[in-house]
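Peer 1: Below: one structure in C-alpha cells.
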Amino acid sequence: MTYPILFEPYRLNDRLTLANRIVMAPLTRSMAGPGLVPTRAMADYYGRRADAGLIVSEATIIRPDGQGYPDTPGIYSQAQIDGWKPVTAAVHRNGGKIFMQLWHVGRLAHSHFTGEQPVAPSAVVFEGTLPRMRELSYELPRELSREEIARLVADYARAAENAIAAGFDGVEIHGANGYLIDQFLHHDTNHRADDYGRTPENMSRFALEVVDAVAARVGADRTAIRLTPGAYVHMQADARDRAVFDHLLGELEGRRLAYLHLGIFDDSLSFDFLGGRASEYLRRHYGGTLIGVGGLTPQSASEGLAQGRFDLAAIGRPFIANPDYVRRVQQAEPLVEYHQDMLAELV
Ligand code: FNR
C-alpha cells in the first residue's frame, strides 16, 4: 500500500471514527433539481466517493436569501430534507461518513436568485460579476439589523437539525471564503458600530453565536467550522483581521467541536500578517482536529500528516476528476487530471 498514513483510521471523538484520513472537500456543483432539491444523480455521485474517511457536502443554503449561484441545494424545506436522504443513505451503505456544509453567502447573494436585496454585516458591495453569469454584477447589500442577526442564528440551528434529520453525520458551518460568516470576521466587509463590529470580540460574535446555536441543537461533536483567516477571495485582507482570528480560535478551542477546516485554494500561499501559511497559523492557535487543504497531492498530504501540520487531508478538485480517488491512491494508480470542463457533468 502506498502512502500508508493516509489510510490510518482517525478518531474524531466518542461518536465518530473515520476509516481513513482523506476528506472529500466541499465542492459546489450547481446540479440541484427544482426547488433546490438534491437529485438521484447527486446520491450516486456522493455514494461513489464514500471510501473517503469523510465527505463534506457541497455548500448547502440554509434559507432562500442565502443563494448566490444557480441550482445550489438547500436544507430548509421538507422536500430538500427528503431529497438528501438518498444521498446520506448511499454514503452510509458504502461505508462512508458525510457532513453537510451549511451556507449563507451574505453579500454575494443576488436578487436574480432570491428576488431580494442581499443582506450582509455592512452595506459594502463586492465589485465584480457573478461567476459563469458575467452579465450580472453583484448588488449593494443591506446592513442586517440585530433582530435579523438573531433570526439568522436560529436559522443556522434549524438547518443543522434538518441536516441531522436527513441522515448527515454532522454539519460543517461554512465560515470561509468570503461568505456571510466570513464577512463579519474581516474589516473589509464589517464596518458595524454595534456589538458585532469594531473589536475582535464583537467581530467574532456572530460566528460564535452560530456555532453555539448549532452545537446546542445537534451536539458539539457533530458541529464543525471552516474558516479563512487570510482573506484570499471575495474580499481584501487587512492586517487587523489577525486579532479577530486570534480571539475566535481561542474561543473555538474550548468548544470541543468535531474539527476545524481551513478554507483556501492554495495552501502554499504565505500571509505576512498570519506569520506564514494559513494552515500553520491555524495549527499554532488551535489545538483540536485540523483539516488541511489546498493543492494537496497524496505526497504532500502524507507529509503534512506525518509532520503533524494537520490531522486530516481534504482533497477537492482531484475528487471531481477521480470518483475512485481513494482506491487509485491506495493502489498507486495514476490520477486523472482535473479540468474545469468536468464541472458540466456529475460523474
Ligand atoms: C470549491 N471549494 C468550495 N469550498 C467550500 O467551502 N464550499 C464549496 O461549496 C466549495 N465549492 C467548490 C467548487 C469547486 C468547483 C472548487 C474547485 C472548489 C473549495 C474546495 O473545498 C477546496 O478548498 C479547494 O478546491 C482547494 O482544494 P484542492 O482542489 O486544491 O484539493
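Peer 1: Tell me, please, whether a residue that is open to solvent by 20 Å² or more (accessible area, probe 1.4 Å), charged (D, E, K, R) and within 16 Å of ALA59 (Cα to Cα) can be found in the range 165-180.
Peer 2: yes
Peer 1: Still on this structure, please answer the following. Would you mind finding the one in LEU102, LEU54, LEU12 that is at pLDDT 95 or above and either among the aromatic types (Phe, Trp, Tyr) or open to solvent by 10 Å² or more (accessible area, probe 1.4 Å) (or both)? Please lay out each step first, then the result.
Peer 2: Numbers: LEU102 fails: either among the aromatic types (Phe, Trp, Tyr) or open to solvent by 10 Å² or more (accessible area, probe 1.4 Å) (or both); LEU54 fails: either among the aromatic types (Phe, Trp, Tyr) or open to solvent by 10 Å² or more (accessible area, probe 1.4 Å) (or both).
Within the list LEU102, LEU54, LEU12, the selection yields LEU12.
Peer 1: Hey, which of the strands (runs of 3 or more DSSP E) in the range 51-164, taking only ones fully inside, have at least 3 residues that are over 17 Å from the mean Cα position of the chain (by Cα) and not charged (D, E, K, R)? I'd like the intermediate steps shown before the answer.
Peer 2: Values: elements: 54-61, 98-103, 133-137.
Correct list: 133-137.
Peer 1: Looking at (1) open to solvent by 10 Å² or more (accessible area, probe 1.4 Å); (2) within 16 Å of the ligand (Cβ to nearest atom); (3) not in a strand (DSSP E or B), which is the one condition that is false for ARG226?
Peer 2: (3)
Yes/no matrix, rows are residues, columns are (1) free of Cβ contacts under 8 Å to residues at least 60 places away in the same chain; (2) touching a Cys at 6+ places or on another chain (Cβ under 9 Å); (3) open to solvent by 30 Å² or more (accessible area, probe 1.4 Å):
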site: HIS285; (1), (2), (3): yes, no, yes
site: GLY294; (1), (2), (3): yes, no, no
site: ALA301; (1), (2), (3): no, no, no
site: LEU305; (1), (2), (3): no, no, no
site: LEU312; (1), (2), (3): no, no, no
site: ILE315; (1), (2), (3): no, no, no
site: ILE320; (1), (2), (3): no, no, no
site: VAL326; (1), (2), (3): no, no, no
site: VAL329; (1), (2), (3): no, no, no
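Peer 1: Determine which single condition ALA215 fails, assuming it passes every other condition in (1) surrounded by 19 or more Cβ atoms within 10 Å (Cβ to Cβ); (2) at pLDDT 95 or above; (3) part of a loop (DSSP other than H, G, I, E, B).
Peer 2: (3)
Peer 1: Taking only pairs six or more apart or across chains, which ones have beta-carbon atoms under 9 Å, a first residue in the range 256-275 that is farther than 30 Å from LEU16 by Cβ, and a second residue that is assigned to a loop (DSSP other than H, G, I, E, B) and acidic (Asp, Glu)?
Peer 2: Pairs found: PHE273/ASP238.
Peer 1: On to the next question. Give all pairs with beta carbons closer than 8 Å in which a residue from the range 4-31 that is touching a residue at least 24 places away in the same chain (Cβ under 8 Å) meets a residue that is in a strand (DSSP E or B) and charged (D, E, K, R); count only pairs at least 6 apart in sequence or on separate chains.
Peer 2: Filtered contacts from the range 4-31: LEU18/ARG11; PRO26/GLU58; PRO26/GLU172; PRO26/ARG226; LEU27/GLU58; THR28/GLU58; ARG29/GLU58.
Peer 1: Name, by its number, the condition in (1) buried (at least 18 other Cβ atoms within 10 Å of the Cβ); (2) away from the ligand (no atom under 16 Å from the Cβ); (3) among the small types (Gly, Ala, Ser) that does not hold for ALA159.
Peer 2: Going through (1) buried (at least 18 other Cβ atoms within 10 Å of the Cβ); (2) away from the ligand (no atom under 16 Å from the Cβ); (3) among the small types (Gly, Ala, Ser) one by one, ALA159 breaks only (2).
Peer 1: Among the listed residues PRO131, PRO141, which satisfies the condition of being under 20 Å from GLN183 (Cβ atoms) and either surrounded by fewer than 15 Cβ atoms within 10 Å (Cβ to Cβ) or within 16 Å of the ligand (Cβ to nearest atom) (or both)?
Peer 2: Working: PRO141 fails: either surrounded by fewer than 15 Cβ atoms within 10 Å (Cβ to Cβ) or within 16 Å of the ligand (Cβ to nearest atom) (or both).
Being under 20 Å from GLN183 (Cβ atoms) and either surrounded by fewer than 15 Cβ atoms within 10 Å (Cβ to Cβ) or within 16 Å of the ligand (Cβ to nearest atom) (or both) holds for just one of PRO131, PRO141, which is PRO131.
Peer 1: If a residue has to be near the ligand (Cβ under 10 Å from one of its atoms), open to solvent by less than 30 Å² (accessible area, probe 1.4 Å) and either assigned to a helix (DSSP H, G or I) or not aliphatic (A, V, I, L, M) (or both) to count, how many in the range 21-40 make the cut?
Peer 2: Initial filter on the range 21-40 (near the ligand (Cβ under 10 Å from one of its atoms)): 23-30.
With open to solvent by less than 30 Å² (accessible area, probe 1.4 Å) added as a condition, the list becomes 23-27, 29-30.
Adding the requirement that they be either assigned to a helix (DSSP H, G or I) or not aliphatic (A, V, I, L, M) (or both) leaves 26, 29-30.
Here the count works out to 3.
Peer 1: How many of the residues making up the range 273-283 are within 14 Å of TYR259 (Cα to Cα) and open to solvent by 60 Å² or more (accessible area, probe 1.4 Å)? Show your work before the answer.
Peer 2: Step one: of the range 273-283, the residues within 14 Å of TYR259 (Cα to Cα) are 279, 282-283.
Applying the additional criterion that residues be open to solvent by 60 Å² or more (accessible area, probe 1.4 Å) yields 283.
Of the residues in the range 273-283, 1 are within 14 Å of TYR259 (Cα to Cα) and open to solvent by 60 Å² or more (accessible area, probe 1.4 Å).
Peer 1: Which one of ASN190, ASN162 is under 30 Å from LYS97 (Cα atoms) and not charged (D, E, K, R)? Explain how you work it out, then say what you get.
Peer 2: On the way: ASN190 fails: under 30 Å from LYS97 (Cα atoms).
Exactly one of ASN190, ASN162 is under 30 Å from LYS97 (Cα atoms) and not charged (D, E, K, R), namely ASN162.
The values are calculated or read from the model by the stated rules, or taken from the named source; none is laboratory data. Only a predicted model underlies this, so the values are computations on that prediction, with no experimental measurement involved. For neighbour counting, all protein chains shown are included, and Cβ atoms are generated from backbone atoms with ideal geometry for every residue, glycine included. Areas reflect the complete protein model, heavy atoms only, side chains present, ligands, DNA and RNA absent. Shrake-Rupley method; radii C 1.70, N 1.55, O 1.52, S 1.80 Å.
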